[in-house]
Amino acid sequence: MRARAAPGRGAGARAAGFLAAPVGVLALLFVGPIAILLLMSFLRMSIAGSGGFTLDNYGAILRDPLYLRILARTGAIATVAMLAMLALSIPLGYVLAFRVGRLELPLLLALVLSDELNPLIRIYSWRMLLGRNGLVNSALLALGVIHRPIDALLFSSVAVVIVLSVSWVPYVAIPIYASMKAIDPNVLEAARDLGAGFGTVLRRILLPLAAPGIFVSLILVYIPLFAEFATPALVGGTSGYMIGNVIQEQILEVGNWGVGSAMSFLLLLLSGVLAAVSYRLSRLSRIEAVRG
Amino acid sequence: MGRRAEGTTRSVEGAAPAGGLEPVVEVVEVTKRFGEVVAVDRVSFSIAQGEFFSLLGPSGCGKTTTLRILAGFERPDAGRVLIDGRDASVLPPHRRDTNMVFQSYALFPHMTVRENVAFGPRRKERRRLLARGEVDRIVREALATVRMEAFADRYPRELSGGQQQRVALARALANRPRVLLLDEPLGALDLKLRQEMQFELKRIQREVGISFVYVTHDQGEALTMSDRVAVMNAGRIEHLGPPEEVYERPATAFVAGFIGSANLLPCRVAGLGSEAAAELDGRRLRAGAHAPGCRAGADALLMLRPEHLRLVAEEPSPGCGLPVRVLDRTFQGPEVRFQTAVEGSGPELVVLAPAVEAPALGPGDRAWATWRPERAYLLPRD
């Protein structure tokens, strides 16, 4: 960010002054804990106490097929939820940006408000909806579609995907809406005018120009999804168990800070790689072309 | 010597282009409403092959809506649009033989100039309307037409406004439409560039031989470039005709005021013989022609263009002048502008005199404002 003050002597010092506080807070509360996390993941811990450095914590994770399976499932749940949210948000963003006219602001506010709901209340509402005696089962029974309640609705990876998608969808829809809003509507009309049907407009114009928003939503949502633990704990059951739950269990219940930290750090590394890939992709999609 | 103004009717017949050619586009009694507002009100006209046709009017007069109906972006509530004699009223934009140049250019920001221009031809290639390998040649030709070959690999953001304008034109021309629709394409350019582009557009239009429908609020632009001009006001065409006719014999007071500047003196129709006569302050004034809406004895307006008036010292022959008092004199470079008021009743008259022969009159001086009777024109008062 550029300071508004006239450039020249003192401007640099003033900028440094402005930045000192946020940089300090970040260093203390963000970089510090990560350093501690990293340190602990390499510490040898036993009942006798800690001592010396080791790679055992990482070895324990990478050798255990159970951990790897949970990691794979975590990836699958996050990916399916992300795809579901994109499938919902791209049409939603398009409709909000170009089709609803005067309803644009109220609908946008509704989308933002849906995120204001306390996450626990939201998760418990979904338990009520999807449970054995929940609304979905009752409705299906009453309609005669099924004769016995479906137990798999709740406490499964499907339930986790549904609840995660609904919880996170505003964070996907709003950046996509924003990047679509930046498109001159005449550009879409020009494409149609030149002979493009709706499919071509979507593929050649709308998606490439909305790509920055899509990648922002990946960074904002896809990566945090890997670290989810509250939702799978409450609606996932054993088959919806994610890597976040393992970390929580290792640290809070087993007390194995070494493995917990190593797992957290691996997750952080994965997030970093995903973020870098997303960023790179967004550059490739000519993020600057939309600004220019 | 007097003549009646012809061709200023608002009927459908009057809207037909000159020459016996089959029209490329026919608009028949088209109406479009947005809620309570009638944006386009029973508009009819047709456009000949290779014609440069302008829709001229103030903002909100319905000219852009009319253009968007031609392009297929809006559906008319009533009436029909025929392209090459076939009803196109319900065809979506991508199935019409029309292409549009947008005021904002609407270039695809993520594509190079070449990719932008190739967009239309590629769609035709997909639909097998174009042989393989034709696209490259078409793009080269289109870029050559607008003299932008050297910029083929640039992105739109790397081009100036005028260059983007040319690319937008090339992109629309590359599809070889039956009619090219232009929505205030020069509106965003500065004055000098705008004048250059006017001639450039005319050259390109002659070269490609495609009919142009040009929407503008700039009367100078419309007069300079058009074969025919339709002046629109409040959703209706008030006058449709060649630029000279629209300028010299406007159908309504609105057209007279909108095209150029005009002195419009309130008067009464005193006679409509071979030459019209107006009565103003008990004086009988001669007018060479009159609009079709004039009725004997009715209220009317006498139109006198400032450049057709001269200030003289001696009283001219009866009916061809009014005594005036000079209020102000302004030097404008090529001409001098006199602000005057008619003696007695007092309506103001603006007189433009070429600077080289401007009379040496200043504020307070008395003179006669005189005109050749065929230059005076009588209009109905709304």
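Does B:Arg171 qualify as being in contact (Cβ under 8 Å) with a residue 12 or more places away in the chain, surrounded by fewer than 18 Cβ atoms within 10 Å (Cβ to Cβ) and closer than 19 Å to B:Gly120 by Cα? Spell out how you get there, then give the answer.
Numbers: in contact (Cβ under 8 Å) with a residue 12 or more places away in the chain: yes; surrounded by fewer than 18 Cβ atoms within 10 Å (Cβ to Cβ): no; closer than 19 Å to B:Gly120 by Cα: yes.
Spelling it out, it is not the case that B:Arg171 is in contact (Cβ under 8 Å) with a residue 12 or more places away in the chain, surrounded by fewer than 18 Cβ atoms within 10 Å (Cβ to Cβ) and closer than 19 Å to B:Gly120 by Cα.
Against the numbered list (1) of a type in the set (A, V, I, L, M, F, W, C); (2) within 24 Å of B:Glu275 (Cα to Cα); (3) open to solvent by 70 Å² or more (accessible area, probe 1.4 Å), B:Leu302 comes up short only at (3).
Being touching a Gly at 6+ places or on another chain (Cβ under 7 Å) and either free of Cβ contacts under 8 Å to residues at least 60 places away in the same chain or closer than 23 Å to B:Val269 by Cα (or both) narrows it down to one of B:Pro363, B:Pro380, B:Pro359, B:Pro354, so name that one. Reasoning before the result, please.
Numbers: B:Pro363 fails: touching a Gly at 6+ places or on another chain (Cβ under 7 Å); B:Pro359 fails: touching a Gly at 6+ places or on another chain (Cβ under 7 Å); B:Pro354 fails: touching a Gly at 6+ places or on another chain (Cβ under 7 Å).
Criteria check complete, one pass: B:Pro380.
Quick check on this structure: which one of B:Gly241, B:Gly257 is surrounded by 23 or more Cβ atoms within 10 Å (Cβ to Cβ) and not aliphatic (A, V, I, L, M)? Explain how you work it out, then say what you get.
Values: B:Gly257 fails: surrounded by 23 or more Cβ atoms within 10 Å (Cβ to Cβ).
None of the other options fit; the residue is B:Gly241.
Listed by first and then second residue, the pairs linking a residue in region B:120-147 that is under 24 Å from B:Arg203 (Cα atoms) and among the polar types (S, T, N, Q) to a residue that is modelled with pLDDT of 90 or more and surrounded by fewer than 13 Cβ atoms within 10 Å (Cβ to Cβ), with Cβ atoms under 9 Å apart and 6 or more places separating them unless they lie on different chains, are B:Thr145/B:Glu207. The set of residues from region A:238-247 being open to solvent by 30 Å² or more (accessible area, probe 1.4 Å) and not polar (S, T, N, Q) comprises just one member, A:Tyr241.
Mind telling me which of the residues B:Arg310, B:Arg325, B:Arg372, B:Arg337 ends up being farther than 23 Å from B:Gly282 by Cα and in contact (Cβ under 8 Å) with a residue 12 or more places away in the chain? First the steps, then the outcome.
On the way: B:Arg310 fails: farther than 23 Å from B:Gly282 by Cα; B:Arg325 fails: farther than 23 Å from B:Gly282 by Cα; B:Arg372 fails: farther than 23 Å from B:Gly282 by Cα.
Going through B:Arg310, B:Arg325, B:Arg372, B:Arg337 in turn, just one is farther than 23 Å from B:Gly282 by Cα and in contact (Cβ under 8 Å) with a residue 12 or more places away in the chain: B:Arg337.
Here the condition is being surrounded by fewer than 17 Cβ atoms within 10 Å (Cβ to Cβ) and part of a loop (DSSP other than H, G, I, E, B); of B:Ala131, B:Ala150, it holds for B:Ala131 alone.
Based on what the data block shows, is B:Ala39 farther than 30 Å from A:Leu209 by Cα, in contact (Cβ under 8 Å) with a residue 40 or more places away in the chain and in contact with a Leu (Cβ under 7 Å, 6 or more places away or on another chain)? Walk me through how you get there before you give the answer.
Numbers: farther than 30 Å from A:Leu209 by Cα: yes; in contact (Cβ under 8 Å) with a residue 40 or more places away in the chain: yes; in contact with a Leu (Cβ under 7 Å, 6 or more places away or on another chain): no.
No: the conditions fail for B:Ala39.
Answer with yes or no whether A:Arg102 is exposed (fewer than 12 other Cβ atoms within 10 Å of the Cβ) and within 30 Å of A:Asp184 (Cβ to Cβ). So A:Arg102 fits the description; yes.
Only residues that are charged (D, E, K, R) and within 12 Å of chain A (Cβ to nearest Cβ): list them for region B:113-166, please.
Taking region B:113-166 as the starting set, the residues that turn out to be charged (D, E, K, R) are B:114-115, B:122-128, B:132, B:134, B:136-137, B:140-141, B:147, B:149, B:153-154, B:157-158, B:166.
Residues satisfying the conditions are B:Glu115, B:Arg122, B:Arg123, B:Lys124, B:Glu125, B:Arg126, B:Arg127, B:Arg154, B:Arg157, B:Glu158.
Regarding B:Arg178, is this residue open to solvent by 40 Å² or more (accessible area, probe 1.4 Å) and away from every other protein chain (no Cβ under 14 Å)? The answer is no for B:Arg178. Scanning region B:64-77 for residues that are open to solvent by less than 10 Å² (accessible area, probe 1.4 Å) and away from chain A (no Cβ under 14 Å) gives a single hit, B:Thr66.
When A:Pro224 is tested against (1) assigned to a helix (DSSP H, G or I); (2) modelled with pLDDT of 90 or more; (3) within 14 Å of chain B (Cβ to nearest Cβ), just one condition goes unmet, and that condition is (3).
Scanning region B:79-113 for residues that are part of a strand (DSSP E or B) and without any contact (Cβ under 8 Å) to a residue 40 or more places away in the chain, which turns out most open to solvent (accessible area, probe 1.4 Å)? Steps first, answer last, please.
Narrowing region B:79-113 to residues part of a strand (DSSP E or B): B:79-83, B:86-87, B:98-101.
Applying the additional criterion that residues be without any contact (Cβ under 8 Å) to a residue 40 or more places away in the chain yields B:86-87.
Working: B:Arg86: 163, B:Asp87: 80 Å².
This residue is B:Arg86.
Residue count for region A:113-137 under the criterion of being in a helix (DSSP H, G or I), more than 13 Å from A:Ile162 (Cβ to Cβ) and open to solvent by less than 50 Å² (accessible area, probe 1.4 Å): the result is 1.
The values are calculated or read from the model by the stated rules, or taken from the named source; none is laboratory data. What you see is a predicted model; the values in this text were computed from it and never measured. All Cβ positions, glycine included, derive from the backbone under ideal geometry; neighbour counts span all protein chains shown. For accessibility, only protein heavy atoms count, side chains too; no ligands or nucleic acids. Shrake-Rupley method; radii C 1.70, N 1.55, O 1.52, S 1.80 Å.
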